[in-house]
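Participant: Got a structure for you, questions after.
The values are calculated or read from the model by the stated rules, or taken from the named source; none is laboratory data. It should be emphasised that the depicted structure is a prediction, and the values quoted were computed from it without experimental measurement. As a convention, Cβ positions derive from the backbone with ideal geometry for all residues, glycine included, and neighbour counts pool all protein chains shown. Side chains included, ligands, DNA and RNA excluded: accessible areas come from the protein's heavy atoms. Shrake-Rupley method; radii C 1.70, N 1.55, O 1.52, S 1.80 Å.
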Amino acid sequence: MTGKTFLLSSAFLALTALAAQAETELTVYTAFEADLLERYAAAFNEAHPDIKINWVRDSTGVVTAKLLAEKNNPKADVVWGLAATSLLVLKTEGMLEPYAPQGVEALDTRFVDTDSPPSWVGVDAWIAAICFNTIEAEKLGLPAPASWEDLTKPEYAGHVVMPNPASSGTGFLDVSAWLQMFGEEKGWDYMDRLHANVASYTHSGSKPCKMAAAGETVVGVSFEFRGASAKTDGAPIEVITPSEGLGWDMEANGIIAGTPNLEAAQTLMDWAITPEAMAQYNVGFGVLALPGVAQPVPNYPAGAEPGMIKNDFEWAANNRAAILEEWSRRYDNKSEPKT
């Protein structure tokens, strides 16, 4: 082989290696809101242009069910942005690869799995809230609710929309919180009385707030940042944090055990808890896993973070199947059709 041929061959091999590196792809399952995905991927690719994210996005319940169904033949490499209660279920099933991302020690301990190394790591919290359409309420002579209990009053009959907990992480955090706050007997009694006033249960946690923002309902049980975003966009709503306390969950990340792209998956897990990533979450989320970096979110309700209950995520995860079975038996007749 001549020197010239050798150099050309070396150059070709180098380019081939770079091309292979550039083509590393991660299949990422998520329940992040759809309008966030492009921005999050773009921010990640600024730091890591060699890794392409292929999103598989749906509501929390659907993504969780899909992952469990694929347990013996996993399709995902990483979960980025799924409820911690769902990741605890995956952990129990032995589906997560433990990994301590770089910088994990700086996170609020509420957002990190207690095992060492952790099987999952949270990045931000989303918190129950009521989106209340003030214009439609005035037309109907309805006062603004101040508590969860208020929503069971007769005047709200047919004017409440909330998420189905089997489909939506937001719906599940509501139901789990009511059972934790009120106790099991009183919690189900509360939901029985609330059910009488519910017009429909949606399969999306953000949809009730979007409906309230559009005047399609007066009360949308949803979550705080969706309400703040809608109000910032000009919707005639107030974002109310009920006085008894607020259910919450965190968007959390984990590596699917057995992924053939472990190094790239670890790279994503590392980046996802950096200050740069937190700045992306902070566009909508007011409570972040990394303390001291959150900036004020326009129209974010002041009562959200103080109202967060002491959430027993292990209890919620361990009882999830039984809770959803009972909820569906009692209330699923008002769920909107699945598309």
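Participant: I'd like the accessible area for HIS195, computed on protein heavy atoms only with a 1.4 Å probe and all protein chains in place. Round to 10 Å², please.
Facilitator: My reading of the accessible area for HIS195 is about 30 Å².
Participant: Of the residues ASN133, ASN253, ASN73, which exhibits the maximal mean-square fluctuation in a Gaussian network model of the chain defined by a 10 Å Cα contact cut-off?
Facilitator: Among ASN133, ASN253, ASN73, the largest mean-square fluctuation in the Gaussian network model of the chain belongs to ASN73.
Participant: Let me ask something additional. If you take the beta carbon distance between LEU262 and LYS310 as r and set R0 to 35 Å, what does 1/(1 + (r/R0)^6) give as a FRET efficiency, to the nearest 0.05?
Facilitator: Step by step, r from the Cβ atoms, then E = 0.50.
Participant: Just one of [x] 1.09; [y] 1.01; [z] 2.63 is Cα Rg over 2.2 N^0.38 Å calculated from these coordinates, so which is it?
Facilitator: Correct label is [x].
Participant: Provide the convex hull volume over Cα atoms per residue for region 194-339, in Å³.
Facilitator: Dividing the Cα hull volume of region 194-339 by its residue count gives 171 Å³.
Participant: So which residue, out of ALA317, ALA177, ALA212, gets the largest mean-square fluctuation from a GNM of the chain using Cα contacts under 10 Å as springs?
Facilitator: ALA317
Participant: Please calculate how many Å² of accessible area region 200-267 carries per residue, with a 1.4 Å probe and no DNA, RNA or ligand atoms counted.
Facilitator: Here the residues of region 200-267 average 30 Å² of exposed surface.
Participant: With a point put 7 Å past each Cα toward its Cβ, work out how far LYS153 is from LYS66 in nm, to one decimal.
Facilitator: 4.2 nm
Participant: Could you tell me whether region 111-247 comes out rounded, prolate or oblate from its Cα gyration tensor? Rule is a ≥ b ≥ c as square roots of the eigenvalues, rounded for a/c under 1.5, then prolate if a/b exceeds b/c, otherwise oblate. Walk me through the numbers on the way to the answer.
Facilitator: Details: a/c = 2.19, a/b = 1.40, b/c = 1.56.
Verdict is oblate for region 111-247.
Participant: What number, rounded to the nearest 500 deg cm²/dmol, is the helix-based mean residue ellipticity at 222 nm of the chain, given -39500 (n - 2.57) per DSSP H run of at least four residues and division by all its residues? Before the final figure, lay out each step's value.
Facilitator: Details: 14 runs with 138 residues, N = 339.
Computed mean residue ellipticity for the chain: -12000 deg cm²/dmol.
Participant: Okay, moving on. Would you work out the charge dipole size for the chain about its Cα centre, treating the Cβ of every Lys and Arg as +1 and the Cβ of every Asp and Glu as -1, and quote it to the nearest 20 debye? All intermediate terms of the calculation are to be shown ahead of the outcome.
Facilitator: Working: 23 positive and 44 negative charges, 127 e Å.
Using only the charged Cβ atoms, the result is roughly 620 debye.
Participant: Hey, another quick one. I want to make sure I understand the PRE zone here: with the label point 7 angstrom from the Cα of ASP233 toward its beta carbon, which residues in region 27-47 have backbone N atoms less than 18 Å away?
Facilitator: The answer is 32-40, whose backbone nitrogens lie closer than 18 Å to the label point.
Participant: Taking the Cα of ALA43, stepping 7 Å toward and past its beta carbon, and measuring to each backbone N in region 255-282: which are under 18 Å?
Facilitator: 267-282
Participant: Right, something else. Mind checking the dipole of region 183-339: about its Cα centre, +1 per Lys or Arg Cβ, -1 per Asp or Glu Cβ, Debye to the nearest 20?
Facilitator: On the way: 12 positive and 21 negative charges, 90 e Å.
Approximately 440 debye in magnitude.
Participant: Heavy atoms only, probe 1.4 Å: what % of the accessible area of the chain goes to carbon and sulfur, would you let me know?
Facilitator: 54 percent
Participant: Counting pairs of alpha carbon atoms under 8 Å apart in space and at least six apart in sequence, what relative contact order in percent does the chain give?
Facilitator: In percent, rounded to a whole number, it is 24.
Participant: So if each residue of separation counts as 0.36 nm, and I subtract the Cα-Cα distance between ALA279 and ARG110, what length gain in nm does that give? Before the final figure, lay out each step's value.
Facilitator: Working: separation 169, 0.36 × 169 = 60.84 nm, distance 1.93 nm.
Length gained between ALA279 and ARG110: 58.9 nm.
Participant: Here's a follow-up. Too long at a 26 Å Cα-Cα cut-off: which of LYS66/LYS91; LYS186/LYS310; LYS75/LYS334; LYS139/LYS231; LYS75/LYS231?
Facilitator: From the list (LYS66/LYS91; LYS186/LYS310; LYS75/LYS334; LYS139/LYS231; LYS75/LYS231), the Cα-Cα distance tops 26 Å for LYS75/LYS334; LYS75/LYS231.
Participant: Enter the Cα centre distance for the pair region 29-78 and region 216-276, rounded to the nearest angstrom.
Facilitator: Centre-to-centre (Cα) distance: 14 Å.
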